[in-house]
Structure formats: C-alpha cells, structure tokens
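Q: Take this structure, written in structure tokens, and hold onto it; I'll ask about it next.
Computed from the coordinates by the stated procedures, all read-outs in this text should not be read as laboratory data. This structure is a prediction, so every number in the text was calculated from the model and none was measured. Neighbour counts run over all protein chains shown; Cβ positions are idealised from the backbone, glycine included.
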Amino acid sequence: MDREVSAKGAEHLKGARAGWIGVGKMGAPMARHLLASGVAVTVSDPNETQRNGLAALGASVAAQLSAFAEADIVFATLPNDAALRAVVFGARDAESDGLASTLRPGAVFVEMSTVSPQVSADVAEALADKRILYLRAPLSGSTAMAEAASLTILASGDSRAWDMARPFFDVMSAKQFYLGGGEEARFMKLVLNALVGASSAVLAEALNLGAHGGLSRADMMQVICESAVASPLFKYKADAVVADDYAPAFSVAQMVKDFSLISEAARHENMPLMVNGLILELYRAAANSGLQDEDFFSLVKWHRSLTNM
C-alpha cells in the first residue's frame, strides 16, 4: 500500500465513527485497520469469538442492527445473498428490523461481499427509497492481502457514497476503482472470479498432461511462472501446487458458489456462458469427491486422481 496515502487517510479518519457487519476472515482485518487509524468502530457478527477479538482492540459490539441507527457509514462483509437480504430487509426471526429501516437518511452503506447483481439491485432500490446512500464495493484479494491492507476494492454506486468511503478505503486497501453508478462493481467481481476459477481448472489439466509426459510439478511450475502465461496467481499458488498442500485460502465450495453466481448473472442477461458451465461442473465434481473445504487449486489433485497419476 502507498504509505503516504495511508498516512493521509489515517490522519483524516481520526475521530470518525463506522459500523462493521460481518467481521470474519476478510472483515476482521479491515476493521482492525480502521481501529488502528483512530476510527471508532462498532461491530456486529454472529460469531462471539470474532466479536470479542475486535472488542479487545477497542471496538464496540452492537447487540442489534438498530445500534447503527445514527452511524454515518456502515460496512458489511457477508457470506451470501441471503445474509445481505437479512441485514438490509431484516430476518423473520430477528429482534430488530434491517438497515433499510434503521439507518438514517443520508447514511452510507458500503457492501463488500461477492453477491449477485440481482440481489444488489433489490437492495439499491430499497435503500434509495429511504434516502440511504449505497456503495457496492466487492474485494479482490486474499485474506493475507486483507491483513496487509493490500486489497483491491471495486466500487460502484452513489458517487457521494464513494467520496465519503474513500478515506476509509485508503487505510484498508492498496487500489480502488470507481466503475459507475449501478451494479458495475458486482459484474467486475464476477469477471475476475471467472478468470481466477478458470486458471485453476486449466492448470489442473495442463499439469496432468505434463505428468503423463514425465514432467514433475516442480519443473512445470517453474517454467510456467517464467513463461508468457505467467501470472501473479500462478506464482502465488506455485509452492502449494508443488507441495500438494491445499489449505484453503478460498475453498472449492466457495468457488462453486461464485461460479453459480456467474451463471445466474449470465442467465439473467440472456447470454450463454458455455465454458463457465463446464468449469462449474468441474468444481462441483471436486466438491462431491470430498474436496469442498480444500483450496480451489486442489482441482490439480482432483484431476490427477482421474487418471491415477
């Protein structure tokens, strides 16, 4: 991250107040960056351990979403469409209404999850009716990048919300892109995930082909990472592929979820995605074989098992 930008952002944020809903693997380190920058952060999460970890660093804990009623800006990192709907519209068994009913007019809601453009559009409509400013801001990067404040943030939505969120983004990420006034950021995130997921699927087949020709994974990954098809992703995953160690940074099950979102978005737009459909079935097959909780690059191991290599 640009330390000069980070320092300026931190200076600007001293004394600011923010809410954060969902402080898991991605949300917690970003909330910690805000706390370290002097922001008064109130957090909400169903996991007590996650809540307590941030409370120990000075965060306040919200018992209900109504605790954010007077917040100027609220961030959310949530697991899926259903969680986003529950947070915004309220859950049937919840003790309080969702953010659409509790946030004040003029407040900013920054939603940073990977969710469908269709659900996001429903949220946008509901929040606009309440004069709440909505910014879609999905993330590109790993949990390690979240810890290092080196994520990329893809943003779209109300330009006023973008202006208000930028100082916060500066201390939790390295790059930020404002892509438009609607669901552009949601589609951009799906574009990136389609390419990321495809990389693992293609690599799995390529390495299996090479293994049949007598090549080792170590030699193949060394050459690949110095070739015209080298990428930061391949270089980042090279050691794991060579060691056959697929501790999850992003799991096969999560990739099934994301490719399902890609497929549904394409269906909604009446466009065919034949390659995406095939890759989704590869991840589903790997998940059904027992790899659902391993890193998505475990497709390399799964494909090898098909031919006993």
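Q: Could you state the angle between the C-alpha long axis of helix 3-13 and the longest principal axis of the C-alpha atoms of the chain, as a value from 0 to 90 degrees rounded to the nearest 10?
A: So the inclination is approximately 30 degrees.
Q: If R₀ is 35 angstrom, what is the calculated FRET efficiency for the pair Arg267 and Asp129, using the beta carbon separation as r and rounding to 0.05?
A: Values: r = 27 Å, r/R0 = 0.78.
According to the calculation, E is roughly 0.80.
Q: Could you tell me which of the pairs Lys25/Lys257; Lys25/Lys130; Lys25/Lys237; Lys25/Lys301; Lys189/Lys301; Lys235/Lys301 are separated by over 21 angstrom between their Cα atoms in the structure shown?
A: Working: Lys25/Lys257 17 Å; Lys25/Lys130 31 Å; Lys25/Lys237 19 Å; Lys25/Lys301 25 Å; Lys189/Lys301 26 Å; Lys235/Lys301 18 Å.
Violating the 21 Å Cα-Cα cut-off are Lys25/Lys130; Lys25/Lys301; Lys189/Lys301.
Q: Once amide H atoms are built 1.01 Å from N in the peptide plane, which residues 5 or more positions from Phe75, or in another chain, come under 5 Å H to H?
A: Gly19, Trp20, Ile21, Val110
Q: From Cα pairs below 8 angstrom and at least 6 apart in sequence, can you work out the relative contact order of the chain, rounded to a whole percent?
A: Numbers: 529 pairs, mean separation 42.6, N = 309.
Relative contact order of the chain: 14 percent.
Q: May I ask you to sort Arg136, Arg131, Arg17 by Cβ crowding, counting other Cβ atoms within 10 Å and putting the fewest first?
A: Result, fewest neighbours first: Arg131, Arg17, Arg136.
Q: Follow-up question, since we're still on this one. Got a sec to turn the phi values of region 71-77 into Karplus ³J(HN,Hα) couplings, 6.51 cos²θ - 1.76 cosθ + 1.60 with θ = phi - 60°, whole Hz, x for Gly and Pro?
A: Along region 71-77, the couplings run 5, 7, 8, 10, 9, 9, 10 Hz.
Q: From the phi of every residue in region 134-150, what ³J(HN,Hα) in whole Hz does the Karplus formula 6.51 cos²θ - 1.76 cosθ + 1.60 yield, where θ is phi - 60° and glycine or proline is x?
A: The phi angles translate into 10, 10, 7, 8, x, 10, 10, x, 9, 5, 5, 5, 5, 4, 8, 6, 10 Hz.
Q: Under a plain spin-label model, where a point goes 7 Å from the Cα along Cα-to-Cβ, how far apart in nm are Ala218 and Thr307?
A: 2.2
Q: Can you tell me the dipole magnitude for the chain around its Cα centre, using point charges on the Cβ only (Lys, Arg +1; Asp, Glu -1), in Debye to the nearest 20?
A: 280
Q: So what is the relative contact order for region 244-288, in percent, with contacts set as C-alpha pairs under 8 Å and at least six apart?
A: Contact order relative to length: 49 percent.
Q: Quick check: residue separation of Val196 and Tyr236 times 0.36 nm, minus the Cα distance between them. What number comes out in nm? Please list the in-between numbers first.
A: Working: separation 40, 0.36 × 40 = 14.40 nm, distance 1.22 nm.
Residue separation times 0.36 nm, minus the Cα-Cα distance, leaves 13.2 nm.
Q: Find how much the distance from Thr152 to Leu278 grows on full extension, using 0.36 nm per residue of separation minus their present alpha carbon separation; answer in nm with one decimal.
A: Additional length available on full extension: 42.6 nm.
Q: A further question on this structure: Given the Cα-Cα distance of Arg166 and Gln64 and 0.36 nm per residue of separation, how much length would full extension add, in nm?
A: Length gained between Arg166 and Gln64: 34.1 nm.
Q: Once the dipole of region 186-309 is set up with Lys and Arg at +1 and Asp and Glu at -1 on Cβ about the Cα centre, which of Ala266, Tyr246, Pro232 lies farthest towards its positive end?
A: Most positive-ward Cα: Ala266.
Q: Another one. ³J(HN,Hα) across region 222-233 via Karplus (A = 6.51, B = -1.76, C = 1.60, θ = phi - 60°), whole Hz, x for Gly/Pro?
A: Running phi through 6.51 cos²θ - 1.76 cosθ + 1.60 with θ = phi - 60° gives 4, 5, 4, 6, 10, 10, 5, 9, 4, 8, x, 5 Hz.
Q: In addition: For percent of Cα pairs over 30 Å apart, several values are listed as (1) 33; (2) 37; (3) 43; flag the one computed from this structure.
A: Entry (2).
Q: Working from Cα positions, state the angle (0 to 90°, nearest 10) between the long axis of helix 117-129 and the longest principal axis of the chain.
A: 10
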